[in-house]
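Derivation of every value follows stated rules applied to the coordinates shown; laboratory data play no part. Just so we're clear, the structure is a prediction, and the values are computed from it rather than from any experiment. When we count neighbours, we look across all protein chains shown, and the Cβ atoms used for this are built from the backbone with ideal geometry, even at glycine.
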Amino acid sequence: MDRDALADFLLRRREALTSADVGLSEGARRRAVGLRREEVAQLATMSTDYYTRLEQRRGPQPSLQILAALARALRLSEDERDYLYRLCGYSAPDRAQVTDYVRPGILRVLDRLHDTPAFVVSVLDEVLVQNDAARALLGDSSALTGLDRSGIYRWFAHPDTERRRYREIDHARQSRALVASLRAAHGVMGARSRAGEIVKELSTRNPEFLTLWDDHEVGRRFEQHKTMVHPELGEIEVDCQALFTEDESQALIVLTATPGSEAASKLEFLRVLGTQRV
């Protein structure tokens, strides 16, 4: 790990960004060049003290999860991300494999979506980044680790908690859609991938999954209209739009409601609530 080069690289990339670049407010008395340390830490969902120690050459070797979060927060290109990994003593991620890296272009779109829930997911339904409104509606996904990061896995491994966000009448349809998505990802990634791990684990613990898996339905599906269930506000009808990356390995999901509707009022309340909590 090259601490000197890492500290300088983080500083230069932080100074090269503006608040507008990452969807943050400029503030009335802003004097610092680029982003503040606490803003980078906020974007990367880590403590300001931890990030500060990295810039001051005092931090421990970051984990791969931390590096992926820093790459997103600093809007690094793939070449810059690879360089960051090598500075910290790791091999650069295989670009042919599914990773947590989110391209700056799709992040810039997400940065401008403040008034409605929006988030980026992988082919395994792993939330890679989400805005405040999405956290308020769906919960904060940043603390999830291992196979639990996959919404597909949680749906079948933890049905009592995961399925509360959907009406019971929609559970069967959602189950089929998730298994079809996993089948598509498994075909690309192979049996020795994270997709293969999910299939192996769920096949031994959930009969419903095994039955659906044997049906061999294939295809990524996002319902254009769905009803979400919030624990405090109840049912919220939303329209769902998906913007895919060029290689279709990730999708930006945007949830909206009809203007003037009860659902729109609920989403506005959640947006304000989410901002206050953050």
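So the values come out like this:
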{"read-out": "Formal net charge of residues neighbouring Arg164 (Cβ-Cβ distance under 15 Å; K, R +1; D, E -1)", "value": "-1"}
{"read-out": "In the range 156-185, the trypsin sites (Lys or Arg not before Pro) that fall in loop regions by DSSP, at most 14 other Cβ within 10 Å", "value": "Arg167"}
{"read-out": "MRE, 222 nm, helices only [DSSP H, n ≥ 4, -39500 (n - 2.57), over the chain, to nearest 500]", "value": "-13500 deg cm²/dmol"}
{"read-out": "Computed P(r) (all Cα pairs; the range 217-256; 5 Å bins; percent)", "value": "6, 19, 23, 20, 16, 10, 5, 1"}
{"read-out": "Positive minus negative residues near Asp239 (Lys, Arg vs Asp, Glu; Cβ under 13 Å)", "value": "-1"}
{"read-out": "The range 254-263 - phi-based ³J(HN,Hα) in whole Hz, Karplus 6.51/-1.76/1.60, Gly and Pro as x", "value": "10, 10, 10, 10, 4, x, x, 7, 4, 5"}
